[in-house]
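Okay, so here's the structure we're looking at.
Coordinate-derived values only; no laboratory data. Quick caveat, the model's predicted, so the values are computed rather than measured. Cβ: placed from backbone, ideal geometry, glycine included. Neighbour counts: every protein chain shown.
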Amino acid sequence: MSLGGRRSVSGLRRPGWEFWRGLEIPLAYRISVPVATLVTVVFAIHLSVNDPQRLLLSQKRAQARRLGRIVQAIVTREMIAGQPKNVQEHLSPLRRSGGIERILVLDREGVVRYGNESSEVGRSYSMEGDPECTACHDRRGLLPAEDLVLRQQGGRWVFSYFFSLENAEACRRCHDPRQDSLGEVLLDIPLDDADGELLSVGRRLATSAFVLVVLAVVGIYAISRVLVQRPIRALLEATQRIEGGDFSPDFPRPRRDELGRLNRAFQRMAQRLGALVERQEKEIQRRTRELEESQRMLLQQEKLAALGRMTAGVAHEIGNPIGAILSLSEVIEGISDEAEVIAECQEIRAQVDRVSRLVHDLTDSARPHSGQNHCRLDESVQTARRVVRLEGPRSRGVDFDVDLEPAVVGVACEHLVQVFVNLFLNAVDAMDGEGRIRIRARSLEDAIEVRVLDSGPGVAPEAASHLFEPFFTTKEPSRGTGLGLWICYNVLQRWGGTIVLAPSEGRGAEFVLRLPLAKNPGDHHE
Ligand code: ADP
């Protein structure tokens, strides 16, 4: 259970100190104000303990008391001896020694009975407006609690010390025993110039202490601004820049202290963070590209699958009437004697043969595979090469550069020769019979990757997205049907493989085939 020290009984927060919490106090203030306070307190304590004015006063007071006691002893002794006149004789020389300016022995009525100045004897002092009296006595005639009064007289500082003459036992023989005091003794001790100077030193000291404290505050403020506040602010600005995505902001100049270390550590952290963010951004871009590519391929596959189904259906439908046309033309040719009719029937058969081959190609590529799932990759490539060579002069100027990893042998793919024949013939056409076809194969984890690269002009960008569609061709009608790559695509797809056009990098066209590994190497089929 929380005691809720900062909450009032009603549970509401008390205002008051709350506003301090939101108040931002710069570091320089946080450092300089407590230090200044501390310096002030220490200085004040020091001054109060070693106050020169106080020390001077206590010294003078002791001196005055000593003299007072001497005067009292003289007066008392001579009085008891019945020689009051001797008092005056004893006091006169005191003027020249002991630094006493004036000694007055006054009776209870304020009349000077004895003094070190004989002219003063007999003078009467009154409380009523006599400045000599009012300097110590108040209006009612009472003396201040202090027996020592410091006053200025004619531009000089003078101590006035006074004490009552006690009506002692011995005195009562002559004096009225009911009286406590028989009079007063007053001593004036002037301060010399040095002492006067010392008195004003207090004020000067206080002033210089104040100036010193102000200077200390300003100095500490300036130092903490330069050494602490400024570098921290710069670090703060750098942090804000990093927050905004700039990972190489201007850091404060490195210093050889803790702040410098913090600065360097922060700089290293920012660099690592920047590198990490950059790596992650690249990774995101790569994955986005991959995602886009796989989406594109998925769409392409769906489109090709739909086209394949439609084409196979159409081909199947065409197949039957074609068979009928072929049989009928043979029948007509058999029963007719007319050379013209026979020639036309032969023409019909030639055209129907062409359509029939086309239909065969279409239906064949869409047909499910026979189940034999082992082809030797190297043999398929060699056979396809021989087939292309049989094309005669068309492929004579083409070099084959074949390099298959020795481990790459068995792949699961029927009609692989047909795939390579189509790819090689396309390359021969693109290079116009002059160039090089490079075939490379390497093992992947669960498949074999084959790359077929030619030295032709490459595929035009606008054609790239239509390459695997049936009947897409850029060749003349007599040279191309647009079914070659479509058949390759279907053959590989049936076996769980893929064929794609690699991004062009200023070279010729490069096709990348991914062939699944054969499950049962014993099931050999080419
Ligand atoms: P065809 O060869 O009958 O035109 P294909 O499906 O084999 O049909 O090829 C389709 C099109 O792809 C070709 O017309 C050609 O424009 C392009 N093509 C295929 N292979 C290459 C290649 N190696 N270099 C440049 N273009 C090619």
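Can you find, among Pro190, Ala312, Cys345, the residue farthest towards the positive end of the dipole of the chain? Put +1 on the C-beta of Lys and Arg, -1 on that of Asp and Glu.
Checked the options; the winner is Pro190.
Among the aspartates and glutamates, which fall within straight-line cross-link reach of Lys85, defined as a Cα-Cα distance under 20 Å, with same-chain neighbours fewer than 8 residues apart omitted?
Partners found: Asp107, Glu109, Glu117, Glu120, Glu166, Glu184.
Using θ = phi - 60° and the Karplus form 6.51 cos²θ - 1.76 cosθ + 1.60, what ³J(HN,Hα) does each residue of the range 50-55 get, whole Hz, x for Gly and Pro?
10, 5, x, 5, 5, 5
Taking amide H positions as placed 1.01 Å from N in the peptide plane, with prolines and chain starts having none, which residues 5 or more places from Leu483, or on another chain, fall under 5 Å of its amide H?
Excluding prolines and chain starts, which carry no amide H, the hits are Phe471.
Amide H to amide H under 5 Å from Val402: which residues, 5+ apart in sequence or cross-chain, H placed 1.01 Å off N in plane?
Ile439
Modelling each spin label as a point 7 Å along the Cα-to-Cβ direction, I'd like the Arg230/Arg69 distance in nm, to one decimal.
6.5 nm
If you average the sequence gap of Cα pairs under 8 Å that are 6 or more apart and divide by the length of the chain, what percent do you get for the contact order?
Computed over the chain, the figure is 10 percent.
Which of Ile223, Ser356, Asn86 sits farthest toward the positive end of the charge dipole of the chain, with +1 on the Cβ of Lys and Arg and -1 on the Cβ of Asp and Glu?
Ranked along the dipole, the leading option is Asn86.
Around Leu326, under 12 Å between beta carbons, what's the net of Lys plus Arg minus Asp minus Glu among the other residues?
Summing Lys/Arg as +1 and Asp/Glu as -1 gives -1.
Sort 80-93, 333-346 for me by packing, meaning the mean count of neighbouring Cβ atoms within 10 Å per residue, highest on top.
80-93, 333-346
Which residue, chosen from Ser329, Val398, Val452, occupies the Cα position most advanced towards the positive end of the dipole of the chain, where the dipole is computed from +1 (Lys, Arg) and -1 (Asp, Glu) charges on Cβ about the Cα centre?
Val452
Enumerate the amide H contacts of Gln153 below 5 Å, restricted to partners 5 or more residues apart or on another chain; note that Pro and chain-start residues carry no placed amide H.
Close amide H contacts, sequence-distant or interchain: Val158.
How large is the charge dipole for the chain, taken about the Cα centre, if only the Cβ atoms of Lys, Arg (+1) and Asp, Glu (-1) carry charge, to the nearest 20 debye?
Roughly 4040 debye for the chain.
Hey, what do the phi angles of the range 41-49 turn into as Karplus ³J(HN,Hα) couplings, whole Hz, using 6.51/-1.76/1.60 and θ = phi - 60°, x for Gly and Pro?
Those phi angles translate into 4, 4, 5, 4, 4, 4, 5, 5, 6 Hz.
Before anything else, pin down the relative contact order of the range 413-505: Cα pairs under 8 Å, at least 6 apart, normalised by residue count, whole percent.
The normalised contact order for the range 413-505 reaches 27 percent.
Calculate the FRET efficiency for Glu89 and Asn50 from the Cβ-Cβ distance with a Förster distance of 51 Å, rounded to the nearest 0.05.
For R0 = 51 Å, the calculated efficiency reads 0.70.
Pick out, in residue order, every one of the trypsin sites (Lys or Arg not before Pro) in the range 405-490 that is DSSP loop and has at most 16 other C-beta atoms within 10 Å; say none if there are none.
Lys475, Arg479
Could you tell me the distance between the Cα centroids of the range 278-329 and the range 378-408, to the nearest Å?
28 Å
To make sure I understand, if each residue's beta carbon is the centre and we count other beta carbons within 10 Å, what order do Tyr114, Tyr29 fall in, fewest to most?
Tyr29, Tyr114
Can you work out ³J(HN,Hα) from phi for every residue in the range 267-276, in order, using Karplus 6.51 cos²θ - 1.76 cosθ + 1.60 and θ = phi - 60°, giving whole Hz and x for Gly and Pro?
Whole-Hz 3J(HN,Hα) from phi for the range 267-276: 4, 4, 4, 4, 5, 5, 4, x, 5, 5.
How are the Cα pair distances of the range 183-314 distributed, in percent, across 5 Å bins from 0?
In order of increasing distance, the bins hold 2, 7, 8, 8, 6, 6, 5, 6, 5, 5, 5, 5, 5, 4, 4, 3, 3, 2, 2, 1, 1, 1, 1, 1, 1, 1, 1, 0, 0, 0, 0 percent.
Applying 1/(1 + (r/R0)^6) with R0 = 41 Å to the Cβ-Cβ distance of Ala168 and Thr37, what FRET efficiency is obtained, to the nearest 0.05?
Between Ala168 and Thr37 the formula returns 0.15.
Just want to confirm a number: the relative contact order over the range 276-369, from Cα pairs under 8 angstrom separated by 6+ residues, in percent.
For the range 276-369, the relative contact order is 33 percent.
Take peptides 300-310, 284-294 and line them up by average Cβ neighbours within 10 Å, highest first, as a rough protection proxy.
Highest mean packing first, the order is 300-310, 284-294.
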